[in-house]
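Structure first, then comments.
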């Protein structure tokens, strides 16, 4: 009986891999055939329920190809509960697993420039699951006995996973890709989830992250606060404790632009964050920015 089961698993995986290859090289034709099959998308999503990791993980890779550049399939995948199923897969994987990157890539495909899917995502309270996942990456999962990851060098795959997570967040709020109403709804949900607070802690070096993660986190914070006064106001209250007192987050970031040692991309991210803080923020322009030259001079003394 056991050899038969193994043969079935190998056959199932081979079929999924064949479909993945066809989607990669003949995406339009295969996607059309799947849409025309009444239960086509539903049956493929069912593979995410499979308890055998080799089948489930192959299905995630297949969905990364299936979900590309096809709004109708993206909509069908969202209606088939794909978001929740992908998060369930993420929850059982180690933080350094490449499977997490694959799952986040599918989620990103389903959300980017797709307002209906973004609305479903918000209404299902999945922004909260993103916030929990971000905390798990930074501090470890609840109940884990290991020391926080801030004390150790980040593995390359963990870096990739966090960057993909932040790109998922940005797909909900990027001003060039979303309507103003969708953006503001997502900004509010992100703030309520506690994710903005967590991201600001990354910016203020409470967590030792890589330059790549820090750059993406700065851009994410920028887009969370852009044009949203409550979030801009919260950002203006964040500070870093130093020997000479508390230093506002805005000053911490601007000082990082004042050195050639910082990568150019990081300095561009800081400038973008500064612009987003000022955008549609009259109070920030008149009250806070006027103090910046004095604070910078004091810091140099």
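Every read-out reported here was derived from the displayed coordinates using simple, explicitly stated rules and does not represent laboratory data. As the structure is a computational prediction, the values presented were derived from the model and not from experiment. Heads up, the Cβs are rebuilt from the backbone with ideal geometry, glycines too, and the neighbour counts pull from every protein chain shown.
Give me the extension gain from residue 119 to residue 280: residue separation times 0.36 nm, minus the current Cα-Cα distance, reported in nm with one decimal.
55.5 nm is the gain from fully extending residue 119 to residue 280.
Based on the Cβ-Cβ distance of residue 39 and residue 69, what FRET efficiency does E = 1/(1 + (r/R0)^6) give at R0 = 25 Å, to the nearest 0.05?
Details: r = 23 Å, r/R0 = 0.91.
About 0.65, to the nearest 0.05.
Fully extending the segment from residue 239 to residue 180 would add 18.4 nm, taking 0.36 nm per residue of separation and subtracting the current Cα-Cα distance. Model label sites at residue 28 and residue 192, defined 7 Å from Cα along the beta-carbon direction, differ in position by 4.2 nm. Relative to the dominant Cα principal axis of the chain, helix 82-91 is inclined by about 70°. Counting every other Cβ atom within 10 Å of each residue's Cβ, 98, 34, 173 order from fewest to most as 98, 34, 173.
Taking 7 Å steps out from each Cα toward its Cβ at residue 264 and residue 10 produces label points 5.2 nm apart.
Remark: 257, 63 ranked as 257, 63, counting other beta-carbon atoms within 10 Å and listing the fewest first.
With a Förster radius of 35 Å applied to the C-beta separation of residue 155 and residue 18, the computed FRET efficiency comes to 0.65. Ranked for footprinting exposure by Cβ neighbours inside 10 Å, fewest first, 233, 65 give 233, 65. Between 0 and 90 degrees, the angle of helix 264-278 with respect to the longest Cα principal axis of the chain falls at about 70 degrees. Result for the chain in a Gaussian network model with C-alpha springs under 10 Å: among 73, 225, 190, the largest mean-square fluctuation is at 73. Using only Cα atoms, tell me the angle between helix 53-66 and the longest principal axis of the chain; keep it within 0 to 90° and round to the nearest 10. For 53-66 against the chain, the angle is about 70 degrees.
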